[in-house]
Amino acid sequence: EAQVTQNPRYLITVTGKKLTVTCSQNMNHEYMSWYRQDPGLGLRQIYYSMNVEVTDKGDVPEGYKVSRKEKRNFPLILESPSPNQTSLYFCATGQWYGYTFGSGTRLTVV
Amino acid sequence: AQSVTQPDIHITVSEGASLELRCNYSYGATPYLFWYVQSPGQGLQLLLKYFSGDTLVQGIKGFEAEFKRSQSSFNLRKPSVHWSDAAEYFCAVDHNTNAGKSTFGDGTTLTVKP
């Protein structure tokens, strides 16, 4: 079954404590992307990757890092989380004809 | 800058009634256009897409959308709404000249009355 798996689903952390949200896909797609969803703001793209070792900034990259060392994985790294990064995060993969999204990671930074 | 506008934050329709959700975009070239649906607590699911050709596209769950270049619109329609259609709907533009970059609208929440 085609899947995009994000972990963890829920995370509460404290300001400044580094964290990583993992994303893995089994569809052999070259493209992967991260979004954050906030009430009334829709989804905003954080980073995307067109292929291994190729990453680009989306609309809201500040405070985030990504890496793409292998095709199936695209982790999102928050080096020093702040409360304004409290949000619902989605990983996506796909082709130009549409994307498949993970189930989301709800992050709370206190 | 590219943008997507969904003018209606919240829409309520009765079960069995028709539905139209509006989407307007601002983009220099012919965009790749999408509609996604998000049920509560779930990720997003692709409903339909437009790239070129026939401006009326059919999607899953009985939805369709029409691309109107003159109005920069890509409205989503369904002839008869079911209670299970209650969800949040997002219109999105893929930047075909900047492959990989995408912009989503703020979403429209659909409530279905029995």
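All conditions in (1) over 21 Å from A:GLN37 (Cα atoms); (2) part of a strand (DSSP E or B); (3) modelled with pLDDT under 95 hold for B:TYR25, with the sole exception of (1). Selection of segment B:26-45 for residues being over 17 Å from B:GLY100 (Cβ atoms), surrounded by fewer than 20 Cβ atoms within 10 Å (Cβ to Cβ) and either hydroxyl-bearing (Ser, Thr, Tyr) or within 10 Å of the chain's Cα centre (by Cα) (or both) yields B:SER26, B:THR30, B:SER39.
Please indicate, with yes or no, whether at least one residue in segment B:54-69 is touching a residue at least 40 places away in the same chain (Cβ under 8 Å) and basic (Lys, Arg). For segment B:54-69, residues touching a residue at least 40 places away in the same chain (Cβ under 8 Å) and basic (Lys, Arg): absent.
Out of curiosity, is B:ASP54 in a loop (DSSP other than H, G, I, E, B), crowded, with 17+ Cβ neighbours inside 10 Å and not β-branched (Val, Ile, Thr)? Taking the combined requirement at face value, the residue does not satisfy it. A count restricted to segment A:25-41 and to residues that are surrounded by 20 or more Cβ atoms within 10 Å (Cβ to Cβ) and among the small types (Gly, Ala, Ser) stands at 1.
Listed here are the residues, each with its yes/no results for (1) of a type in the set (Gly, Ala, Ser); (2) away from every other protein chain (no Cβ under 14 Å); (3) within 21 Å of B:PRO40 (Cβ to Cβ).
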position: A:PRO8; (1), (2), (3): no, yes, yes
position: A:LEU11; (1), (2), (3): no, yes, yes
position: A:LYS17; (1), (2), (3): no, yes, no
position: A:LEU41; (1), (2), (3): no, no, yes
position: A:TYR48; (1), (2), (3): no, no, no
position: A:VAL54; (1), (2), (3): no, no, no
position: A:PRO83; (1), (2), (3): no, yes, no
position: A:TRP96; (1), (2), (3): no, no, no
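Taken over segment A:25-51, residues that are assigned to a loop (DSSP other than H, G, I, E, B), touching a residue at least 40 places away in the same chain (Cβ under 8 Å) and not acidic (Asp, Glu) amount to 4.
When only residues in segment B:40-59 that are away from chain A (no Cβ under 11 Å) and at pLDDT 90 or above count, which is farthest from B:VAL112 (Cα to Cα)? Top of the filtered list is B:THR55.
Restricting segment B:79-94 to residues that are of a type outside the set (Val, Ile, Thr) and under 11 Å from the mean Cα position of the chain (by Cα), the residue that is modelled with the lowest pLDDT is B:ALA92. Among the residues making up segment B:60-114, those that are within 14 Å of chain A (Cβ to nearest Cβ) and surrounded by fewer than 14 Cβ atoms within 10 Å (Cβ to Cβ) are B:ILE60, B:THR97, B:ASN98. Restricting A:THR15, A:THR22 to those that are loosely packed, with under 14 Cβ neighbours inside 10 Å, among the polar types (S, T, N, Q) and either in a loop (DSSP other than H, G, I, E, B) or under 12 Å from the mean Cα position of the chain (by Cα) (or both) reduces the list to A:THR15. Number of residues in segment B:1-35 that are in contact with a Cys (Cβ under 8 Å, 6 or more places away or on another chain) and aromatic (Phe, Trp, Tyr) equals 3.
The values are calculated or read from the model by the stated rules, or taken from the named source; none is laboratory data. Quick caveat: nothing in here was measured; it's all calculated off a predicted structure. With ideal geometry, Cβ positions are generated from the backbone for all residues, glycine too; neighbour counts draw on all protein chains shown.
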